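**Q** My questions will all concern the structure given below.
The values are calculated or read from the model by the stated rules, or taken from the named source; none is laboratory data. This is a predicted model, so every value here is computed, not measured. Here the Cβ positions follow ideal geometry from the backbone for every residue, glycine too, while neighbour counts run over all protein chains shown.
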Amino acid sequence: MIVLAALAVLLPFTGAAAGLLGSRFPRRRTPARTARRRAAWFAVVPVAGAAVAAAWLAGWQATGGGEAAAWPVRIETGSVPISVGLQAGGLAALVGVLVTVVALAVQVYSVGYMRDDPRYPSYSSFISLFTSAMLLVVYAGDLIVLYVGWEIMGLCSYLLIGHWWEDRANSRAAVKAFLVTRLGDVGFLFGIFTLGLSAGSFRIDDILAADLPKGTLVAATMLLLAGVAGKSAQVPLHTWLPDAMAGPTPISALIHAATMVAAGIFVVARLYPAFLAAQPTLDVLGVIAAVGMLGAALAALAQDDLKRVLAYSTISQLALMAGALAAGSEHAAIFHLVTHGAFKALLFLCAGVVIHHVESNLMSHMGGLRSTLPVTFWTMTIGFAALAGLPPASGFFSKDAVIAAIERAHGPAQPFLYGCALVTVGVTGAYAARAWLRTFFGSPRTVVLPHAGDHGGGHRRVPRSMLWPVVLLAVPALGLGFAGVRDLDAGSAATSVVIALLGAGVVYALWRGAPELDPARMLGPFRTPCERAFYLDAVYDRLVARPVLRLARGVVRADDRVVDGAVRGSGRAAVGLSGLLRRAQNGNAQLYVTGVLAGVLLIAVAVVVLG
Amino acid sequence: MSWLPIAMLAVPLVGAAVLLLPGFAGRTPRRYGLAVSGVTLVLAVGLAATFDYGHAARIQFETDLSWIPGLALRFHLGVDGVSLPLIVLTALLTFLCFVLLAGRPPRRPRALVFTLLVLETGMIGTFLALDLLLFFVFFEVVLVPMYFVIAVWGGPGRRAAAVKFILYTLLGSAVMLLGLLVVWAQAGTLDMVALAHGHTIARSAQIVAFLAIGLGLAVKAPMWPLHTWLPDAHTEAPTVGSVLLAGVLLKMGTYGFARIAIPILPEGAAALAPWLGAFGVIGIVYGSLACLAQRDLKRMIAYSSVGHMGFVLLGFATLTPVGVNAALFGNVAHGLITGLLFFIAGAVKDRYGTADMTRLGGGMLSRLPYIGSLLTFACVASLGLPGLAGFWGEMLALFGAFRPAAELSRPLFLVFMVIGGVGTVLTAAYFLRMLSRVTHGSPVVPEGPPVTSAEEVREVLGGEGPVEPVATGTVVAAVAAVAAPGAPGVPGLGGLGEPPERRDVTAYELAAWVPLVVLILIFGLWPKALLAITTPAVQAILRGVGA
């Protein structure tokens, strides 16, 4: 059965290779249209195959198939060997289905969304490569193999954020995303080293089975947490995610909402026994999660860019999952991960439709779209309901599971975490309501800008290939929660719904009073700090980016003046010294004879005196 | 006695000697060098194919002849798992350089082909030699042709760069020779195999010898702070010179550590390894920071070599099998990746007439999509992305530093590991910054001559001084148009306002680059291909350490 997992990893990979090399081949005789059509096939068919394989694997697992694993290759490194192999347990099978389904939806959606893009072949190939890398992370049985997939995901994220590289801002956002996550990944790699060396194996099973000392576990999991914070955009490494919205919207849906950013949560869940044995790490994770969920929710409330609202809400929701992990319930975290993957991908794809139609990302340019985009309105309503945690959408059930888990938890960080989670629920209701109202209700405010958003041109009809995935994703976003209906905690569910409705109600009341004004004005003097996400970017710029560049310039100067200066100086010194010696070799025979005579005299005197 | 290693030395040498025949004066066959280096490559592949991988630690294809009996010097050649990858890499890179030259014939082709073939003999000989003095001879043989490559075919500042290169490395070699003499005086033999199999040299003598030999090798590697010859040499050298310099010559320094310094002088290595590691990690961070503030593309790649070689030195310094494996892997990966980077940088310089990043402007991906994409690929490989060759060397070096050999201080090496980890982030930072500046954005109106290189312009002008292509504006453009009347896309005097069409990658360039791309992918996705060869050999190298 592990062949299915291997197939799921390899199919998108071959799709990526074929798309990159084969779409335009032979270059001279392939018109752009043919290349696009070919690339679309290369993109959609393999990922569909991967989805079938992943679903089959999950079905087999659900019907009592047990765990599948294979370790075909062992690479000797001279120390701890690397076991190249795949392993699919229940968690991996479930997340594998999520990844492939969202990837398939995004690939189909992109065919329409990127219709006019000349670089569609490379775009779709990078999505395929990303899908393959993410599935490698999900099915990896060895931490080094997992790390390989982990980093390739980061590369694809970089390439796709920077897809419209003509604009320098997109390029900067891509670089920022890669570097911030890479910084976390260094810690992640060191965490892998710690676990691997102590357990004598990089295989996840061996590591979890090994009886490691607590100090080692705490150190290792703390280091892993750095990578998790980077990839899953948690405080303090979250600043790349809002900027990453510079990429095409389907990418935001796939990579920066549903899958890659959830990989951090997935990895913690995958290694959960190790984390459970390291309580200090879980406490730290709890504090990070508490700060992150509330801060990001407040930031989301003040954004004007629809995609940035969703980006901050992703940070907030991921923090909620991290909170569940900190509270000791991996089950709730993964439940929320899956439902969030569905409804956030749905929200982004809907936002893409809206942006495609309005040609602006800014909500102040939207409004009254309920009648012009009815399908999108209804699907996005489902998405927002799930985001706010309103029944019967999926988010209601999963968020309830998370809140209930946090409520029941112990530990020093628990009261803080629980308080933040409840406030976050209210703020989430508020920003979801604000985005919903400002996008679909009120009077149309559309201003046609010379160059806004992703494309040029006027209002456009939405292609069918974009609507189908949206409708299909709306089904799990609405119904997936019923999988957890049995575990529903009525008390905490009622509390969180009331709080969410309270938040939404405040926004509605404000909006009702003056539909043309932004309800974010209720933040008062805090509005600007929230909009700027509490100035963290500026702080990092001052504390990290600029000092490093200053240091770099200093190094170049020092290299020229000191290190190379010493080399050149020694050369000059040698020339100067030889200039001195040259004085004696001036070709004057009289001088030479005088010198010889003086020498003879000296020797004679020395012989007489010493002899 | 095996004929293969001797043939690998003889073919390029005889090929070079044949060029001296008067019949070749003025009319060298265009593909002569290609053919000779092709034969050498075939021999190298044959060597790799017939190599017994089951006994990768054993010296194979051994040739042991008496050379100078009075001094007990022997002509001892052989191949094992440490040298085999480097020999094949050398033959491959030289061949690819000739592929490039076949597409773009240089000035004075006969002299260049001669020089490069002699260079190839020296490089392959260095990796084949199993006698210390023979190693030293080949090590030195390499310097002279490389000096001429830089001094004759280089850029505007070539004279100074070439002189600096040869004096600096000769000084290093002199120190190394002293170290070799200490070994000889103490052990009474110069045979590497015999020395590695347990000749007891006193600890103090080992430390002195390791210091001297290590210094000589460190100049070549180059190790911070002995690196300043490198950026000048790389910046001024022609493309083929840069490729061979980065791809092979630097490896001779690090190969020396694996072949001589560590196995023959294990106690000296143990005593000085912390210093080696310290200078290695300083090099990583220092090189990365220097890259971050560089303006010139070739100079930036040169400094990136300092950083990457820092990882290799760190790997050696750990004195663990995994660390030495990392160093050997990093060696090969760096040769492939930086070779590719210099090929591409050369192509960029050919087309833009400059490698100055601010003058390159940006938007290379839209103007030269193939070259821009390949540059992106090479940079991503060089910053150590898993799945590409550069990753394994760096990762294993850090892993080696995580637990160094028993006699080394673990906290110290943990600090090295963390600094090295920061270095990987800085490495990513400068490569992505460069990509962002050069390949992204929209193309701006280029300044200066579009097709001809600064080198050609200088020739036309007949001057020696550095040419500033931008300084004279249209005048230089006019000169360029005279210099290359048939070149595509040379704008008329009035046509400077719009970006001219430039030729994207040529067939010859592609033929020279694709093998490197493929190998980077293969070693990245299948590191076992290399680790399986080096691991047994590494165990043999480290036999003396900790014993």
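**Q** Among the residues of the range B:385-421, write down those that are assigned to a loop (DSSP other than H, G, I, E, B), within 12 Å of chain A (Cβ to nearest Cβ), among the aliphatic types (A, V, I, L, M) and under 14 Å from residue B:273 (Cα atoms). It would help to see each step written out before you state the result.
**A** We begin by selecting, within the range B:385-421, every residue assigned to a loop (DSSP other than H, G, I, E, B); these are B:385-388, B:403-409.
Now drop any that are not within 12 Å of chain A (Cβ to nearest Cβ), which leaves B:385-388, B:403-405.
Subset that is among the aliphatic types (A, V, I, L, M): B:385, B:388, B:405.
Answer for the range B:385-421, where residues must be assigned to a loop (DSSP other than H, G, I, E, B), within 12 Å of chain A (Cβ to nearest Cβ), among the aliphatic types (A, V, I, L, M) and under 14 Å from residue B:273 (Cα atoms): just B:405.
A quick yes/no check of all residues on (1) under 30 Å from residue B:518 (Cα atoms); (2) not β-branched (Val, Ile, Thr):
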| position | (1), (2) |
| --- | --- |
| A:19 | yes, yes |
| A:28 | yes, yes |
| A:37 | yes, yes |
| A:48 | yes, yes |
| A:68 | no, yes |
| A:75 | yes, no |
| A:80 | yes, no |
| A:95 | no, no |
| A:109 | no, yes |
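**Q** Given the criterion within 16 Å of the chain's Cα centre (by Cα), at pLDDT below 95 and at positive phi, identify the matching residue among A:233, A:229.
**A** Testing whether each residue is within 16 Å of the chain's Cα centre (by Cα), at pLDDT below 95 and at positive phi leaves just A:233.
**Q** Could you please give the count of residues in the range B:319-332 that are facing chain A (nearest Cβ under 10 Å), among the β-branched types (Val, Ile, Thr) and part of a helix (DSSP H, G or I)?
**A** 2
**Q** Can you spot a residue in the range B:253-269 that is among the aromatic types (Phe, Trp, Tyr), more than 11 Å from chain A (Cβ to nearest Cβ) and buried (at least 24 other Cβ atoms within 10 Å of the Cβ)?
**A** Yes, because at least one residue in the range B:253-269 is among the aromatic types (Phe, Trp, Tyr), more than 11 Å from chain A (Cβ to nearest Cβ) and buried (at least 24 other Cβ atoms within 10 Å of the Cβ).
**Q** Can you give me the ranges of the helices (runs of 4 or more DSSP H) entirely in the range A:176-246 with at least 1 residues that are not assigned by TED's automatic domain parsing to the domain that holds residue A:317?
**A** Where helices (runs of 4 or more DSSP H) fall fully within the range A:176-246, none carries at least 1 residues being not assigned by TED's automatic domain parsing to the domain that holds residue A:317.
**Q** Also, quick follow-up: Would you check if there is a residue in the range B:119-140 being under 25 Å from residue B:229 (Cα atoms), within 14 Å of another protein chain (Cβ to nearest Cβ) and aliphatic (A, V, I, L, M)?
**A** So far as the range B:119-140 goes, no, none of its residues is under 25 Å from residue B:229 (Cα atoms), within 14 Å of another protein chain (Cβ to nearest Cβ) and aliphatic (A, V, I, L, M).
**Q** What residue, among those in the range A:551-573 that are at the interface with chain B (Cβ under 9 Å from one of its Cβ atoms) and either in contact with a Ser or Thr (Cβ under 6 Å, 6 or more places away or on another chain) or basic (Lys, Arg) (or both), is surrounded by the fewest Cβ atoms within 10 Å (Cβ to Cβ)?
**A** A:557
**Q** Taking the options B:313, B:272, name whichever one is more than 24 Å from residue B:387 (Cα to Cα), touching a Gly at 6+ places or on another chain (Cβ under 7 Å), assigned to a helix (DSSP H, G or I) and in the same structural domain as residue B:389 (by TED's automatic domain parsing).
**A** Details: B:313 fails: more than 24 Å from residue B:387 (Cα to Cα).
Result of the check over B:313, B:272: B:272.
**Q** Right, next: What do you reckon, is residue A:201 more than 10 Å from chain B (Cβ to nearest Cβ), under 24 Å from residue A:287 (Cα atoms) and buried (at least 20 other Cβ atoms within 10 Å of the Cβ)?
**A** Working: more than 10 Å from chain B (Cβ to nearest Cβ): yes; under 24 Å from residue A:287 (Cα atoms): no; buried (at least 20 other Cβ atoms within 10 Å of the Cβ): yes.
Here the answer is no, as residue A:201 does not meet what is asked.
**Q** Would you point out which residue out of A:167, A:185, A:205, A:116 is out of contact with any helix residue (DSSP H, G or I) (no Cβ under 9 Å at 6 or more places or on another chain) and more than 28 Å from residue A:48 (Cβ to Cβ)? It would help to see each step written out before you state the result.
**A** On the way: A:167 fails: out of contact with any helix residue (DSSP H, G or I) (no Cβ under 9 Å at 6 or more places or on another chain); A:185 fails: out of contact with any helix residue (DSSP H, G or I) (no Cβ under 9 Å at 6 or more places or on another chain); A:116 fails: more than 28 Å from residue A:48 (Cβ to Cβ).
Selected residue: A:205, the only one of A:167, A:185, A:205, A:116 that is out of contact with any helix residue (DSSP H, G or I) (no Cβ under 9 Å at 6 or more places or on another chain) and more than 28 Å from residue A:48 (Cβ to Cβ).
**Q** Can you go through A:155, A:104, A:160 and tell me which one is part of a helix (DSSP H, G or I) and within 10 Å of chain B (Cβ to nearest Cβ)?
**A** Of A:155, A:104, A:160, the one residue that is part of a helix (DSSP H, G or I) and within 10 Å of chain B (Cβ to nearest Cβ) is A:155.
**Q** Of everything in the range A:140-152, what is assigned to a helix (DSSP H, G or I) and away from every other protein chain (no Cβ under 11 Å)? Give them in sequence order.
**A** Taking the range A:140-152 and keeping what is assigned to a helix (DSSP H, G or I), we get A:143-152.
Hit for the range A:140-152 is A:143, nothing else.
**Q** Which of (1) of a type outside the set (S, T, N, Q); (2) surrounded by fewer than 22 Cβ atoms within 10 Å (Cβ to Cβ); (3) more than 14 Å from chain B (Cβ to nearest Cβ) is the odd one out, the single condition residue A:74 does not satisfy?
**A** So residue A:74 meets the others, but not (3).
**Q** Please go through the range A:163-173 and pick out each residue that is more than 18 Å from residue A:120 (Cβ to Cβ) and either more than 9 Å from every other protein chain (Cβ to nearest Cβ) or crowded, with 23+ Cβ neighbours inside 10 Å (or both).
**A** A:169, A:171, A:173
**Q** Kindly indicate whether residue A:179 is among the hydrophobic types (A, V, I, L, M, F, W, C) and either under 21 Å from residue A:51 (Cα atoms) or more than 10 Å from every other protein chain (Cβ to nearest Cβ) (or both). Reasoning before the result, please.
**A** Values: among the hydrophobic types (A, V, I, L, M, F, W, C): yes; either under 21 Å from residue A:51 (Cα atoms) or more than 10 Å from every other protein chain (Cβ to nearest Cβ) (or both): no.
Against the criterion (among the hydrophobic types (A, V, I, L, M, F, W, C) and either under 21 Å from residue A:51 (Cα atoms) or more than 10 Å from every other protein chain (Cβ to nearest Cβ) (or both)), residue A:179 does not qualify.
**Q** To continue, here is another question. Would you confirm whether or not the range B:173-188 contains a residue that is in contact (Cβ under 8 Å) with a residue 40 or more places away in the chain and either on the phi > 0 side of the Ramachandran plot or part of a loop (DSSP other than H, G, I, E, B) (or both)?
**A** No.
**Q** If we keep just the residues of the range B:348-384 that are touching a Gly at 6+ places or on another chain (Cβ under 8 Å) and part of a loop (DSSP other than H, G, I, E, B), which is farthest from the other protein chains (Cβ to nearest Cβ)?
**A** B:353
**Q** Quick one: would you say residue A:137 is within 10 Å of chain B (Cβ to nearest Cβ), crowded, with 23+ Cβ neighbours inside 10 Å and touching a residue at least 40 places away in the same chain (Cβ under 8 Å)? Even if it seems obvious, please write down each step before you answer.
**A** Working: within 10 Å of chain B (Cβ to nearest Cβ): no; crowded, with 23+ Cβ neighbours inside 10 Å: yes; touching a residue at least 40 places away in the same chain (Cβ under 8 Å): yes.
It is false that residue A:137 is within 10 Å of chain B (Cβ to nearest Cβ), crowded, with 23+ Cβ neighbours inside 10 Å and touching a residue at least 40 places away in the same chain (Cβ under 8 Å).
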